[in-house]
Every structure is written in C-alpha cells, then in structure tokens.
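Each remark here refers to the structure printed beneath this line.
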Amino acid sequence: MKWGVQGMRSKTSSFNKEIIKQDFRNVGWISIVYFLGLFFIVPMQLFMEMSKEEPSIPDDRGLFGSIFAYELQLFFLFIMPLLMAVFLFRYLHVKGASDFAHSFPMKRGKLYQHHIVSGVILLILPILLNYLILIITAGAVDVQDYYTVTNLGYWLWLFSTMTLLIFMVGVFVGTLTGLSAVQGILTYILLFLPAGLYVLIAFHLSSYIKGYSGDVVLERSIQYFSPLVDLVEFQRYAPDPAEVPVEKLPLIIYGLVAAAFYVLSLFLYKKRSLESAGRALAVTALNPVFKVGVTFCFALFGGMYFTVSQNEYSWMIMGYFIGGTFGYAAASMLLEKTWRVFNWRHLKGWFGYGAVTCALIAIIPFLWQNYESYVPKSSEVEKVFVSNGYWQYQRMVDEEMEIPFITSVESIQSTIDLHEQLIEVSNPLEDGRDSFFFVYRMEDGSEIYRQYRVDEQEVAEAKKAVYETEEYKKIEYPVLGLDPDKVNRLHIGSYSGQGGKEFYDPELIAGFVEVLKEDIEGISYEDMVTPRGLYSNVHFTVNGNPDNPFHVQLHPSFERTMGWLKEKGFYEEAMTLPADIHRADVYRWPENRDFSNNHVRLIVERLKEEGIEPLEFTSDEKIGSLMKGQQNQEDGAYIVAFYFDERNSDHYEVLSFGKEDAPDFIKEHFE
Amino acid sequence: MIEVQGLHKSIDRTKILKDVSFYVQKGSIYGLLGSNGAGKTTLMRILAGILKQNDGIVRVLEEDIFENDKVKQNVVFLPDNLYFLPQYTTKQMADYYRSMYDGWSEERYENLKRVFHLDEKKKISQFSKGMQRQVAFWLAMSAKPDVLIIDEPFDGLDAVMRQKVRSLIIQDVAEREMTVLISSHNLREVEDICDHVGILHKGEILLERDLDDLKADVHKIQVAFQEEDFDPETSNLDVLHQEKRGSVFLLIVRGNETAISAEMEKYRPLVYDRLPLTLEEIFIYEMGGAGYAFENIIV
C-alpha cells in the first residue's frame, strides 16, 4: 500500500531542528534576559568593584556574597526558569496551538523532549556564559579577594541545578494544568507547599500536643522542605557559618528531583487529554484532590491565624471554618473559572469537603498520641539537657560549644520527674510564663525533644530538684565551664548604670572567676529563681569575642565574690550602693488580682498610671534595708521601686517583700 | 480509508459524540454536514489523531490514528480556526512542514506559489483571513497527504478562490486518489464537490448517502392532466411530497427515472416536466417524513 511505502522511506531523523528553531524564536528573549540579569549582577559588578579606588571589603561567601547581590541573583533564578517553562509549554494551554502542534506526525514524547532540550539549552547557556566570563577573568587578573575557582565552580553547579529544578517543576505543573496563569502560581505553591504545610502542621501540633516543640522542628529542618526556602535561608541569618546557600548533598538531591519531575512530566504529557486546554486542571481526576487540598491548607491557615491572636480553641475552630470555606470557594472558582459558584451543588460539596478536611485535621493529632504521654525510661537515657528555651541549646550547637548535659543517674531521674509533672499540668494552648525545654540523648543514639510552657509554681518542687543539681547549674550558668585563661576582658556593670568596673589583668580575672564559680556552685534554688537585691551584669570577652553566652548576673547573695570585690576595693564600683539610688518608692501590693500579668514591674506601671501615692524614701539607711527585697516574685505584700536618676523616671528596678520579711518601718506605715 | 465504528466522546461530562459510525472510501470526498455544535469539529480532531475517543474504533489508512506518527505522516488536518506559529512567514512555515512531513513536495510548493500569488516572505499574521486560508491550503497540499481533513474549508474565501481550491482538491483526488473529509454547516457549499455526505446531528449520524445515487433516485416533476382522475395516492409512484396548484401537480418522487415517466404516460399528461432538484431539497423531502426540521440543521 502506498502509505506503507511512504512510512518506510522516513528521511526525518529523530531530531527535528525546526522545533528547536521555533522555540528559540519564541522564548530566546528569556535566555537573553537571564544572561543580562546575571551579567550585570555578577561579572559587571566585579569589574566595577575592581576599578574602584577603594573596593568594598568582600565577605567570605564569594559569588554568593553581598557584593554580588545574592538576593538579586535569586530573583532571576526564581523567575526565569519558570517563565521558560510557561512560555515553552504555552501551546498546551491554547486550543489552536495545541491542535496545531499535535496534528503533526510526531509522538508526544518526542515533541516534549524537543521542547525540554530547547529549554535546557536556553537556560544553561546564560549561566555558562557568565561562568566563562568569570573564569577567563580569574585567569587574567587576580580575583582572589572576590571568588576562587572552586567557589565559581560551585556557583555554576548550584545555579544550573536549581534552574533546572525550578524549570522542571514548572513543566510538570504545566502538563498538569490547562491555564498558563495557574501554571505560574501553582509552580511556586508546589515549590513552597511542603514547607508551608510543614509550618502549618507543626504549629497545629504544638497547640494540640503537649511537649511538641514547633521551634525545633521549624528551625532544624524547614529548609529541606522547600528549595526556595533553602536558597533564601542562607541570606536571612547573617552570622550563619555556611559558605554556600545549598550544601552538596541537597544539591545532588535537587538534581535527582529535577530528573524525577522530567520523567513524571513526560508520563503526564503522554496521558494528557488535549481538550483540557483552558481548563484549570488537565487531569480531571485531580479536581477533588485539589479541592480538598486547598480547603485543608486554608483551614489550617485560618486556624493558625485566629489562634495566634486569640489563643482559644473556640477561635481556632472558627478559623478552620472561615479558612476552609474560603479555600473551598477559591478552589471551586478556579476550577470553574467563574466567581459565581454560590449554588446548591457547591453547598453540598462544601459540606463534603468540609467533612473530609475536619477528619484530616482531627486525625493528625492522633498520630502523635503516644508522643504526648511518652517519658523516656531513665535506663534508656544516656544524658539529658534541660533549659528554659530551645534557642539556648541551638546556639551552643551552632557555635560548636560543649553542651553541658546532665549525665548522673540521680539527676536524670529528677529531670524525668519534672518532665512527668509538666505533662500533667501543661496545656499547649495556654501560654504559661515559664518555658521548659528537654533534649534527651538516648542510649541508642536517637534524640528526643520536648518543650512545655507552664507557670513555674505548678511544678516548683520538681523544678527545684532539677535546678539544684550541679549539672543543671552548668546549663543555667555557662560561666561554670569558662576557662579564665581565655578571658581577655571582664566588665562588671552595676544596675544603676552609674560606675562599673572592668579589668584585663589575667590574675584578677582568674581570681574573680574562681570565687564566682564557687558561689554559683553553692547557690540555692531560691537564689536562682528569686534572688535578693540589685544585681550587676558581668560580661566576658573570650578570645577577643565579646559575643558569647558566658555573661552572668552578679547578685549580692554571692558572698565569696562580694568579699573578693571588697578586698580588692572594687565593690563600690561594681555593685549598686544605697548612695547610687536617688529615691525608693514603696507601694502596698494591690489586693485585687485582675491584672492580666503578675509581673511586678507591670504592676508598678499600673499603680503609677492610677496615680497611687507611694511612700517615698531617700535616706541611704532606709534604702539600704529596702534593697534586701526579692526579684521575680509573683505575690507579696509590698513593692519597692528604685529610681537611679531623678530626671529619668523610666529607669528603675523593682523588688518586693512578703509580710514576714518586710522591714518594720514599712509595716508600721501601712498598718 | 477512514473507518469509524461506535465512536463515543465526552468532554467535561458532556456527551459530544454518541455511537458514531461511518466509512469513507479511498479517493472519495466525504461531506460531513451538521449545524453548529453538532460535534463536527470534535469528530475531526479525533480523526486527525489529536483527541482520543472514549470508546469505539477510529481507523485511518487501516490503522488506529491516535499517537500514530506513521499514519499521521499521510494525514493533514486543516482546522476551521487556522493556527500559524507566531510571527512566521509562509516560507518559515513551509520549512516547519517540510521537517514534519516526509511526503513534502518542493515542486508542488513552487507550483502552488504561482496559483495563489502570495508573498511567501510576508508574515502570515499580516494576511487577511481569506489569504491565511489560502496559505493553509498551500501548505497542506504541498505535504501531499493521502488523507485531507478540512473543517469548514470555504469559510472566508471569495468565489474565485473557492473555485481554485475546489479544483485543487478534485485534481488530487483524481490523480492520486486522495481521500478528503470536508465538514460544513452549509450543504450548498459542498454539494458540487462531495460524492458522499453524512449528516451529524446532536452527536449522532442521522444518515449517510451517495450523492450520485441520491440525485438519480429522487425527482421533481410537474404534471398537468386533462381529466381530473389522477390521484398521486393511488398511483404506483413513491411520492415523497405533493402540491397542487390549479390543475398542475408538483411532485417529488423517488424511483427510477424511466419507470416514473412510463407510469406517468399512462395518465396521458398535458404537461410533463422534470425540474432541477437541489441537494438541499432532496434532503428536506427525504427526511421530511422523519419529522425533522431539516432546514435548520443544514442551512
């Protein structure tokens, strides 16, 4: 037969140059813009810097640094590959173009591969050209101050991989949808979705589940859930020690993910029904998945929004309702391409999807049910870290410091006791004033994190047992692990702000640190939590770095240190003396308890606003005895506010007395 | 050549085509008639291998057409809304077609350039609608397809060009036995080119006919008699339609022409004329009995 013969005389090779040519004509401009963008941000900037009289001081990040405006590079990296994907596969979304392209004798897979080849060439070329300019420059002149060849190579690798990843995700979404605008938006959503969902779910878990630490989860691993976040994170935290935005292993993984999206898109393209051009979703089977997904995400977001502002379960549920309804309506509008979706059919659908979403939200916390009641057995725990916050721990990890774990069996047991009490009294939605953070390092090498917020009186006994262990003190007072030989400078600043003492002499430093450590080792729980008197701040400069966690509050109850200061003649400068205080105001602790927060300082603010006349003292003798009051109390009989400067009524410190320990002259006055 | 059996197609849960079956022979020109929304374009997109049917058999050149690049080498589809690559000239489009179709004939392309008198270096988007349709024909005919599928081919062409295109199609059918499927909402447009027609209505094929048979089979006659004893009901004629104006009968009769005149002679008519019958009239009378408002479908 005639057609059979014709089929056999196939002269066309498997490669069709005309398609590539057409792609170049169609989307070549994207490649040019990408090239120019990168060129002006990177090589051009380099030439400008080198020709300056006084070049800026480069940071150690080379091409990812601030000279080469990394954020601007990211702007092009985020936008151009997606534009490429949208314009290259635009024909899939326009009926006429789609019919035209698919009426030719070429299988869809081959057509797809041609466009992908065009896209890859057009995207890699601008990066490669800039790379060549930079490497030639590096060969011709000394650019060591700005970047190294290794750094440049990494730049090439990172930009190529991330460009291809964003491009392939864009292509994937393009084969999934029938509208180019939806393709654009959905691609960014997809690239960000895992991280966004992760944030939403982590937030909800920490408000449903006792002990779940959203902070840990978010800080530790959020970047692994979204390549966009991964790229941006690098810049956000400036003192981060990372030299490159994305490490090698993630970069390899992103490359593999891009390849996976290539295969997936090919598969979808072959299966795609071409009549879906112009429809929001090309795969009709995905419509319900999309609807329930959008409803679910918006419900979670609504819940989070209202919980953050109201902190109540009823508002949270309200948030689910409002968010979910909004999401359902938005998804329906998108799928039907009209805003007029308010009819009976959708109302029924809204019930259905609402029910599914409620079920999903209700199920999530159940998956963590064991988590809530779980307390490690002391025999399985190798060591444990306790502090009042996650950040304290993370900082030590980041700075590669030795972490003061609790290791002795008894101390671990008292930590576990405290943990058990916390599970009993804590409520994830109620924001207690005190936060407890646990890290268990188990015998099998795994780590367990828990975080609770409660008011400390509820667990005072258990907390005391932990706090008074020598090991906990090492956590609370990092200064116990400080080697005095490494201290270059020591500064003691009194609370009043007047005076202060600093010394550089290693012998003095060593002597001070020694007595300070002795005092802290012997400190009682009460002195840790509610110390008496006005403290001074001690700052250390260690190995030339003034920014370190060793700073400590020096309380008058540190007898040995006080003795040492007096002996050396520094006491008057280092501590606050009655003479430094201009005036002391004494108030009766108000009877009515309708203060939202019991913090004494806030109570004083309230009393001042209400115009209550305090009892004023100016004599050094009286002030001296008033300075024996306690800090951080939440209950008592009298409040004392100390003013250091008559011109500045905002600079004051507050102590308080109970009925028993108050000086007689106040009691007499108020009775 | 084109074989469709039990074809079903739904788009967005709307049934577009329901159990469509028909057959187009090699070297035949088949007219697919139907009103707007009858499903013609969808059917043609399926026949061109663009859309996939939900159910049924669609075979072109004796193979399934969908995703079959070997068959598609010999099939060209011209849609009613023409599409050209943006900013392309005819010459560039020709390069594109050449790279796609193995059967592309450069000689044919050059010959047709003389027929159409169009500047091949001008951007196609700058041409008028009618000129764009000529470009589409030019490109399609240069690919020398065995099967040509054209949706609303004469839309926007003036009478001269219409005639030119018609003769080009007929020439290829005569010389190479090209098979042509033409769709139209207007029977008059295609009656002088097609040899077969099929009528698609609301997604279903209402009827299929060979036009030559049809024309030979239905006749419009005008007769008048001296005596008043002629009654069309009692005669041996298969009368599809009758009118009486005074003593003159106007009849549409099915049957062999000689048989009809022999029957008429029996009544010794004063006047016996055979009048020309348009294809449209034939369809209207053919289907009149079936109760369809046929005019609305075709015209």
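Please treat every number below as a calculation from the coordinates, not as lab data. It should be emphasised that the depicted structure is a prediction, and the values quoted were computed from it without experimental measurement. Neighbour counts are summed over all protein chains in view; Cβ atoms, including those assigned to glycine, are modelled from backbone coordinates with ideal geometry.
Relative to the longest principal axis of the Cα atoms of chain B, the long axis of helix B:159-176 makes an angle of roughly 80 degrees. Applying a DSSP loop filter and a limit of 16 other Cβ atoms within 10 Å to the chymotrypsin sites (Phe, Trp or Tyr not before Pro) in region A:452-513 leaves A:Y504. Leaving out same-chain residues fewer than 8 places away, which lysines sit with a Cα under 18 Å from that of A:K628? Within the straight-line cut-off, A:K628 pairs with A:K659, A:K667.
Computed over chain A, the range of Cα coordinates on each principal axis works out to 119, 72, 55 Å, biggest value leading. Computed from label points 7 Å out along Cα-Cβ, the spacing between A:I32 and A:L367 is 5.0 nm.
For region B:112-253, relative contact order (Cα pairs under 8 Å, six or more residues apart, normalised by length) works out to 15 percent. In region A:377-475, Rg over Rh equals 0.94, where Rg is the alpha-carbon radius of gyration and Rh the Kirkwood radius from pairwise Cα distances. Summarised as an ellipsoid, region B:213-289 has semi-axes of 20, 13, 11 Å, derived from the eigenvalues of the Cα gyration tensor scaled by 5 and square-rooted, with the largest first.
Can you pull out the trypsin sites (Lys or Arg not before Pro) in region B:201-232 whose DSSP state is coil and whose Cβ has at most 16 other Cβ atoms within 10 Å?
Working: sites: B:K202, B:R209, B:K215, B:K220; in loops: B:K202.
Filter output for region B:201-232: B:K202.
Think of region B:213-289 as a dipole: +1 on every Lys or Arg Cβ, -1 on every Asp or Glu Cβ, centred on the Cα centre; then among B:G255, B:A224, B:T234, B:A224 lies furthest on the positive end. Multiplying each eigenvalue of the alpha-carbon gyration tensor of region A:22-142 by 5 and taking the square root yields semi-axes of 38, 13, 10 Å, largest first, rounded to whole angstroms.
In region A:568-671, which trypsin sites (Lys or Arg not before Pro) are in a loop and have at most 14 other Cβ atoms within 10 Å, using DSSP for the loop call?
A:R593, A:R647, A:K659
A straight Cα-to-Cα reach below 16 Å connects B:K123 with the lysines B:K91, B:K113, residues fewer than 8 places away in its own chain not being considered.
Computed over the alpha carbons of region B:1-89, Rg followed by Dmax gives 13.7, 41 Å.
May I ask you to work out the translational diffusion coefficient for region A:483-637 at 10 °C, viscosity 1.306 mPa s, via Stokes-Einstein with Rh from the Kirkwood sum over Cα pairs, reported in whole µm²/s? After rounding, the answer is 91 µm²/s. Taken along its three principal axes, the alpha carbon spread of region A:309-371 comes to 44, 26, 18 Å, from the longest extent down to the shortest. Counting pairwise Cα distances across chain B, what percent come out greater than 32 angstrom? Tail of the P(r) past 32 Å holds 37 percent of the pairs.
The relative contact order of region A:478-574 comes to 35 percent, based on Cα pairs under 8 Å that sit 6 or more residues apart.
Projecting the Cα positions of A:Y587, A:G636, A:V381 onto the charge dipole of chain A (unit charges on Cβ atoms of Lys, Arg, Asp and Glu, taken about the Cα centre) puts A:V381 furthest along the positive direction. About its Cα centre, chain A has a charge dipole of approximately 6940 debye under the convention of +1 per Lys or Arg Cβ and -1 per Asp or Glu Cβ, with nothing else charged.
In region A:478-574 the Cα-Cα distances spread across 10 Å bins starting at 0 as 16, 54, 29, 1 percent of all pairs.
Kirkwood analysis of the Cα pair distances in region A:578-670 returns a hydrodynamic radius of 13.3 Å. Using the Cβ of B:L43 as centre and a radius below 15 Å, the other residues enclosed give a net charge of -2, where K and R count +1 and D and E count -1.
For region A:312-443, the convex hull spanned by the alpha carbon atoms encloses 175 Å³ per residue. Legend: ranking of residues A:T530, B:T89 from fewest to most surrounding C-beta atoms inside 10 Å; resulting order A:T530, B:T89.
Taking a cut-off of 19 Å, what percent of all Cα-Cα pairs in region B:1-156 are separated by more than that?
Value for region B:1-156 (Cα pairs over 19 Å): 57 percent.
How large is the convex hull of the Cα atoms of region A:251-348 per residue, expressed in Å³ as a whole number?
With only Cα atoms used, region A:251-348 gives 144 Å³ per residue.
Taking the centroid of alpha carbons for each part, region A:574-643 and region A:306-359 are 52 Å apart.
Subtracting the Cα-Cα distance of B:R268 and B:K26 from 0.36 nm times their residue separation leaves 82.5 nm of extension gain.
With the simple model of a label 7 Å out from the Cα in the direction of the Cβ, A:E402 to A:R489 spans 2.7 nm. Mean partner shielding of peptide B:86-99, defined as the number of other chain Cβ atoms within 10 Å of each residue Cβ, is 3.
For A:K474, the aspartates and glutamates whose Cα comes closer than 12 Å to its Cα, not counting residues fewer than 8 places off in the same chain, are A:E402, A:E521.
Note on region A:16-272: Lys pairs 8 or more places apart or on different chains, Cα atoms under 19 Å apart, count 11.
Under a model in which nothing but the beta-carbon of Lys, Arg (+1) and Asp, Glu (-1) is charged, region A:578-670 shows a dipole of about 100 debye around its Cα centre. Relative contact order for chain B: 21 percent, from Cα pairs under 8 Å spaced at least 6 residues apart, divided by residue count. Length gained on full extension, A:W339 to A:E559, computed as 0.36 nm times the residue gap minus the Cα-Cα distance: 71.8 nm. With the simple model of a label 7 Å out from the Cα in the direction of the Cβ, A:D650 to A:K248 spans 5.3 nm.
Helical content of the protein assembly as shown, expressed as a calculated mean residue ellipticity at 222 nm, amounts to -15500 deg cm²/dmol (DSSP H runs of 4 or more residues, -39,500 (n - 2.57) each, divided by residue number, nearest 500).
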